[in-house]
Structure formats: C-alpha cells, structure tokens
Amino acid sequence: MDVADAPELIGRGDYLVNHVVGCVLCHSPRDWTYFSGPVKPGEEGAGGAIYDESNGFPGHLRAGNITPEALGEWSDGEVAHSIVAGVNASGDSLFPVMPYPYFRSLCREDLQAIVAYIRGLSGKPVSAHQRRLNFPLNMIVNFIPKPWENPQCPDASNELAYGKYLVDLSFCASCHTPRDGGHMDKDRLFAGGREFSVPGVDGVVRSSNLTSHETGLGAWSRQRFVRHFKAFDQAEFLAKPLPIGSFNSPMPWHSYGGLSEADLGAIYAYLMTLQPIENRVEVWSRPGGDVGTTGKKP
C-alpha cells in the first residue's frame, strides 16, 4: 500500500484519528488534572499509557511512539498492517490492548487516510521500552492477529450500517461491556459496568449502559444524545483544572465531542437496535460509599 499525500485524505484522517479511532489519544500522555484526560499539548503521538502489574496487566507494555521518529522506516503497508491485522513491521504480534480486532472493520480508503495523517505528525523522541508478557500470554498473543479482509466502505446514507461502522471503529463495546476474569461478558455486550481506575480519582469509575433498556439509553432521545456529546466540543470544558477529589471520566469526551451531528445520530440509531439489557450502573463508587448513577454523571 502506497498512501498519497493528498489534502482531502489527510483531512479525513484527521477526523478519524482525533474523533473516532483514537490513535493519538492512546499513543500520547494524557493530563488527568483536566476532565476526560486530554492529550498533553505538544506530546501528540509520543507514546501513551503503561500497562503493567500495578494496574492489573499480566506483564508490561506501553502504547508506543507513532510519530515519524519511530515509524519513519516503516512502509505505508507496514503501518496499515499493524493497525488492521495486529502485526508490526518486525513481524511481532501486537497485544490487543491495541484494538486492532475492531480496526479490521476499516475500509481501504479510511485506512489510507489514517496512515496519511499519522505520517504527518511532528516527530517526538523515542524512549526505550521493552515489552514483556507473562506466560501464557506471551504464547497466546501470537494466535490473535488475523488477515485483514479489505471490507467495502459503508454508505454514509445507510445510517444503521454507517453507525455500526463508527461504533466498531470507536471500540465502544470494549469499554462498555462488563468483564469477568479479564474477559468480556459476551452475553452483556454494551451493558456497561466495566470498572476503571482513573488517575486522581478515589474509588472506581464504571462505564455506562449503552443498550436501549431504560437503565441505558432507552429514555434518551436522539437529540439529547447528540446534544450531550456536542456539549463537550466547547473549549470551556477544558479551560480549568478539576478540583482535587472530583469525578473524572476515562471516556474521552473532548475527542468524541468533535464528531459531526450526523455521525453521532448514526451511532445513536445503531445503538438503539441493540438488545436491551437491564443494568443500572453506579458510574462512581467512592471509598466513603457515595455513588453516582448514569443519570447524574456523564
């Protein structure tokens, strides 16, 4: 794959990377003193979170540097292959904390757009990092990648198909499905309740129920859903640091707030087709016992 340096391609890549697939969000340090942890200015693509035993991960890895300093010698095809198939330029299987199983849904035009945009990031110094996966993950990881099937791009006028495409690329199910022993509960997809430890927040934060049940999005209109996201597309939400001990969310509202109203509407339309699952989520459990429900906290 050779990717053209075309303005319209880079523009589409900008939209996808910064508001849908989250490449820069995951592969950059985030500032958790602000709501939803925006990327630290000037550090875009420099490398993101570390996953190790301290946060329950069986091993040690980091979301790596994706700027030209790290990927400069990779071909366009190798960058693309790592995104949709989970195999890097050295032939190593990536661990699926990098959500390439969801990115297999990417069509060629959008994949090329993402590669074109990533190629244009400002170079950042590469810090030494050695991946370590504990047994048996160091063996299992080699069986997770699958060939990319080069799917057709969905027609944006087909709202349900395009909404599903955006939901897949945003890997919503990964965060909004409860876990059991580290594995997604496939019988409760999108029902919410996955637990997160957010830097600076005491207690446990949980994801919301996205199904059409009344304990999820069942009571939400399309207009309310779109308006809720677009409210976070305002600079004032990031203008002031959070008070110490206040609620924060791992949901990158500052990123998804940049989605177009049409795309948010398509996402809502698809989510409303999901099987309704009853699950009233306490989004924040503090050590003192106070909780917040999905109706009170974003």
When residue 10 is evaluated against the numbered criteria (1) open to solvent by 50 Å² or more (accessible area, probe 1.4 Å); (2) more than 15 Å from the chain's Cα centre (by Cα); (3) modelled with pLDDT under 95, which criterion, by number, is the only one it fails?
(3)
Looking only at segment 104-130, which residues are acidic (Asp, Glu) and surrounded by 19 or more Cβ atoms within 10 Å (Cβ to Cβ)?
110
Determine if segment 48-64 includes at least one residue that is part of a helix (DSSP H, G or I), in contact (Cβ under 8 Å) with a residue 40 or more places away in the chain and among the basic types (Lys, Arg).
no
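Residue-by-condition table, conditions (1) buried (at least 20 other Cβ atoms within 10 Å of the Cβ); (2) of a type in the set (A, V, I, L, M):
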residue	(1), (2)
162	yes, no
180	no, no
190	yes, no
198	no, yes
202	no, no
Across segment 131-151, which residue is farthest from residue 83 (Cα to Cα) among those that are open to solvent by 90 Å² or more (accessible area, probe 1.4 Å) and under 22 Å from the mean Cα position of the chain (by Cα)?
131
Could you say whether any residue in segment 56-64 is among the charged types (D, E, K, R), under 28 Å from residue 195 (Cα atoms) and out of contact with any Lys or Arg (no Cβ under 7 Å at 6 or more places or on another chain)?
yes
It is to be established whether one or more residues within segment 4-18 are in contact (Cβ under 8 Å) with a residue 12 or more places away in the chain, in contact with a helix residue (DSSP H, G or I) (Cβ under 6 Å, 6 or more places away or on another chain) and within 17 Å of residue 123 (Cβ to Cβ).
yes
Cβ pairs under 6 Å, 6+ apart, first in segment 20-31 and within 17 Å of residue 116 (Cβ to Cβ), second small (Gly, Ala, Ser):
20/170; 24/45; 27/45; 27/48; 27/63
Restricting attention to segment 270-286, report how many residues are under 17 Å from residue 221 (Cβ atoms) and either hydroxyl-bearing (Ser, Thr, Tyr) or at pLDDT below 95 (or both).
2
Run down 54, 82, 90 and say which single residue is surrounded by 16 or more Cβ atoms within 10 Å (Cβ to Cβ) and among the hydroxyl-bearing types (Ser, Thr, Tyr).
82
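The values are calculated or read from the model by the stated rules, or taken from the named source; none is laboratory data. Since the model is a prediction, treat every value here as computed from it, not as a measurement. All Cβ positions, glycine included, derive from the backbone under ideal geometry; neighbour counts span all protein chains shown. Side chains are part of the model used for accessible areas, which takes the heavy atoms of the whole protein and leaves out ligands, DNA and RNA. Shrake-Rupley method; radii C 1.70, N 1.55, O 1.52, S 1.80 Å.
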